Structures are given as C-alpha cells and as structure tokens.
Amino acid sequence: MRSVQESGFAPLDDFGVQAMLNQHIPYRLRLLRDAFPRIPARCDPDNQSFEAGTLSGRILLSFLGVAFDEKTGTLREDREHKPRRGPTDDVKVRDVGGRFVELAELSTAETKILEKFIRGANKACAHFTVGSDHELTVETYQQAVPIIQRLVQACLPQS
C-alpha cells in the first residue's frame, strides 16, 4: 500500500511503474481483445472470455479516469484513488506518467457507447443483477473495444 503524503499518495516506484506498463496493462488489453472473436458466445469458455474482457475494459477505463454515473446515466470523471483517505493500492494513469481522458475529447457517439459498456459491465459482470436491461450487447462490446484501445494508447506515456 502506498502511504498518503501532503501532496497526495506516495508515487509508485520504478518497478511498480514498469510492472503496470509492461505487464498489467498489456494483459488487460489482451483480455479485452481476446473476447472479440468469441462473441456471440457459443460455450461457457466464450462467456468467460467475454466477462473477463468486459471487466478488463471497465478496469482500463477507470484507470484512465472514466466511470459511469448511475444517477445521471452519463459518463463521469473517476480520478480519485480508492480509498480516498489512508493508504491505497489503487493505481491511476497519472501514477505511471500518463494523463487522464478528458470526457470532452470523446465524440457523442463514443460517449454513448462507453456509457452502455460501463453500465453493462457493472450490471452484467461486476454485480449480480436481475432484469437490469444493461444493454451490454455484442455490438456494444465490438464498438467499445477500439475506443478503449485508442484511449489507452493516447493516455499512456510515450516512450
């Protein structure tokens, strides 16, 4: 856990930054892409791949500072580490030298797709729900993946 300092959370050490950039982020991107040819699902492993990819996409968006606000039904900024006070093991893109997504840089179409994707991830994969009409369809997934990949590429530090 990283301690709280006057200026915020203690920075990640070089090992932590390199682990995120070279292992954890590429792994999540692979999970996101690997589900693409497996949907619509034809068996349990296809469903498992879809859920792993969906949760990976949600994790990457949160890492980039993007979340879904259930009350307003719109995207919102997600830039604070969890927990907000006390030590944290939460990592955001700024911790690895990158930048947050600015919601204004998304087109209206991209915003709508990511709203459906994150809400669907929350309702269909991250929590047990019944009758939520989550709209996490094959089409939504296929539209969201290239957006998420582009945002990750644009927001990570360029080497």
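Quick look at the numbers
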quantity	calculated
First in the range 51-63 and touching a residue at least 40 places away in the same chain (Cβ under 8 Å), second anywhere and in a helix (DSSP H, G or I) and among the basic types (K, R), Cβ under 6 Å, 6 or more apart	L60/R28
Residue tally, condition part of a loop (DSSP other than H, G, I, E, B) and either more than 8 Å from the chain's Cα centre (by Cα) or among the β-branched types (V, I, T) (or both), over the range 45-64	0
Candidate set from the range 87-106 (those that are touching a strand residue (DSSP E or B) at 6+ places or on another chain (Cβ under 8 Å) and of a type outside the set (D, E)); member that is surrounded by the fewest Cβ atoms within 10 Å (Cβ to Cβ)	P87
Positions within the range 65-101 being in a helix (DSSP H, G or I) and in contact (Cβ under 8 Å) with a residue 60 or more places away in the chain, in sequence order	V93, D95, V96
Pick from the range 14-51, criterion closer than 16 Å to F117 by Cβ and modelled with pLDDT of 95 or more, ranking: surrounded by the most Cβ atoms within 10 Å (Cβ to Cβ)	L32
Condition met for G120 (at positive phi and modelled with pLDDT under 95)	no
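The values are calculated or read from the model by the stated rules, or taken from the named source; none is laboratory data. Model, not experiment: these values are computed from the prediction. Glycine gets a Cβ as well: all are built from the backbone with ideal geometry, and neighbour counts include every protein chain shown.
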